[in-house]
Amino acid sequence: VALWYTIKSSEAVTVRDALNQAMDEELERDERVFLMGEEVAQYDGAYKVSRGLWKKYGDKRIIDTPISEMGFAGIAVGSAMAGLRPICEFMTFNFSMQAIDQVINSAAKTYYMSAGLQSVPIVFRGPNGASAGVAAQHSQCFAAWYAHCPGLKVVSPWNSEDARGLLKAAIRDDNPVVFLENELMYGVPFEMSEESNSKDFVIPIGKAKIERQGTHVTLVSHSRYVGHCLDAAAVLAKEGIECEVINLRTIRPMDVDTIEGSVMKTNHLVTVEGGWPQFGVGAEICAKIMEGPAFNYLDAPVTRVTGVDIPMPYAKILEDNSVPQIKDIIFSVKKTLNV
């Protein structure tokens, strides 16, 4: 059992249910909102994230599509331009490559190219990054891919509160939002506060959260690996090393101020992500720190913990060695601190 969550009461909500609640409430709140994608309706979603929505809202609001990402993403973008607010689900973001022309050329660039006359309020959502035993063609992390592109907002939640508050914010946003979930987190329960269960609860896009206060080193991560960082921090705390753990929540726009403030306090930085190292999220954080005021506060070079620079292997032992593990984070912290 991971150290970063404990189930104390019936208030624990899985990430899957938090996403489901967010969509349900936004569908109810605004009749322009609708969901489309493969198996989202009658089958209740490939991962049951849209469970019960088709029975409640019917064929006009919850729409099953053929296996044609380019086609249904194009329909969704066109409907957003026409005044609706679509949620376009990719069964996995690996398949969004089929629709990348619609996501980038049609959705991301239109507001700018129309001189601000044509907004495209659409959410592209689904599981991102490596799952388990699905090999190379189903295991990319697209955080850096989409965060590279002006015109998009890119969100990467970790826990149930993130998932609920950020998805509601994404649906209400007038810009195209790429919403990167994690399949391995869907069934994980987290405590939810009374405030975060409110129908009015939204988390501002572009604001990171400090999940654990610390003084010796800053750990910055997003999605599933925030949990790994908290686990590593708990182990290191027993050795007297206090890690400050930052949950990015949003990749674009990135909350550089929170990272800089933490680095100025701890004087050390380790970034952690499941994606590939080259041109990755951690690489961008390194550049931002080097170019900004926090660089003068560093007592050691920034260290990156990433996925291995290869297509994902299928064999479990190779897969486990291709993505960051808690021991890798602990090793990198000690290396950075010269312990």
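The values are calculated or read from the model by the stated rules, or taken from the named source; none is laboratory data. The model shown is predicted, which means the values in this text are computed figures rather than measured ones. Glycine gets a Cβ as well: all are built from the backbone with ideal geometry, and neighbour counts include every protein chain shown. Remember, those area values only see protein heavy atoms, side chains included, never the ligands or the DNA or RNA. Shrake-Rupley method; radii C 1.70, N 1.55, O 1.52, S 1.80 Å.
Side notes on the structure shown:
- From the options 37, 52, residue that is open to solvent by 20 Å² or more (accessible area, probe 1.4 Å), small (Gly, Ala, Ser) and modelled with pLDDT of 95 or more: 52
- Any chance residue 257 is open to solvent by 40 Å² or more (accessible area, probe 1.4 Å) and not in a loop (DSSP other than H, G, I, E, B): yes
- All positions within region 222-245 that are open to solvent by less than 10 Å² (accessible area, probe 1.4 Å), farther than 21 Å from residue 128 by Cβ and of a type outside the set (D, E, K, R): 232, 233, 236, 243
- Scanning region 193-221 for residues that are open to solvent by less than 10 Å² (accessible area, probe 1.4 Å), over 15 Å from the mean Cα position of the chain (by Cα) and either over 23 Å from residue 270 (Cα atoms) or not hydroxyl-bearing (Ser, Thr, Tyr) (or both) returns 196, 214, 217, 219.
- Restricting attention to region 131-171, the residues that are touching a Phe, Trp or Tyr at 6+ places or on another chain (Cβ under 6 Å) and among the aromatic types (Phe, Trp, Tyr) total 1.
- Members of region 38-79 that are of a type outside the set (A, V, I, L, M, F, W, C), part of a helix (DSSP H, G or I), in contact with a helix residue (DSSP H, G or I) (Cβ under 6 Å, 6 or more places away or on another chain) and closer than 12 Å to residue 99 by Cβ: 69, 74
- Contact map, region 58-78: first residue charged (D, E, K, R), second residue open to solvent by 30 Å² or more (accessible area, probe 1.4 Å) and outside any helix (DSSP H, G or I), Cβ cut-off under 9 Å, separation 6 or more or different chains; pairs are 61/31; 64/39; 64/42; 64/43; 69/91.
- Any hit, region 306-321, residues being open to solvent by 20 Å² or more (accessible area, probe 1.4 Å), closer than 30 Å to residue 204 by Cβ and within 22 Å of the chain's Cα centre (by Cα): yes
- Residue match in region 82-94 (condition: more than 20 Å from residue 16 (Cα to Cα) and either part of a helix (DSSP H, G or I) or at pLDDT below 95 (or both)): no
- Residues that are crowded, with 24+ Cβ neighbours inside 10 Å and free of Cβ contacts under 8 Å to residues at least 60 places away in the same chain were ranked within region 171-181; the one that is farthest from residue 331 (Cα to Cα) is 177.
- Search result, residues across region 19-48 that are touching a strand residue (DSSP E or B) at 6+ places or on another chain (Cβ under 8 Å) and hydrophobic (A, V, I, L, M, F, W, C): 19, 23, 27, 33, 34, 35, 36, 40, 41
- Meets criteria (surrounded by 19 or more Cβ atoms within 10 Å (Cβ to Cβ), in contact with a strand residue (DSSP E or B) (Cβ under 8 Å, 6 or more places away or on another chain), among the charged types (D, E, K, R) and in contact (Cβ under 8 Å) with a residue 60 or more places away in the chain) for residue 273: yes
- Matching residues in region 87-110 - criterion: being surrounded by fewer than 20 Cβ atoms within 10 Å (Cβ to Cβ) and in contact with a Leu (Cβ under 9 Å, 6 or more places away or on another chain): 104
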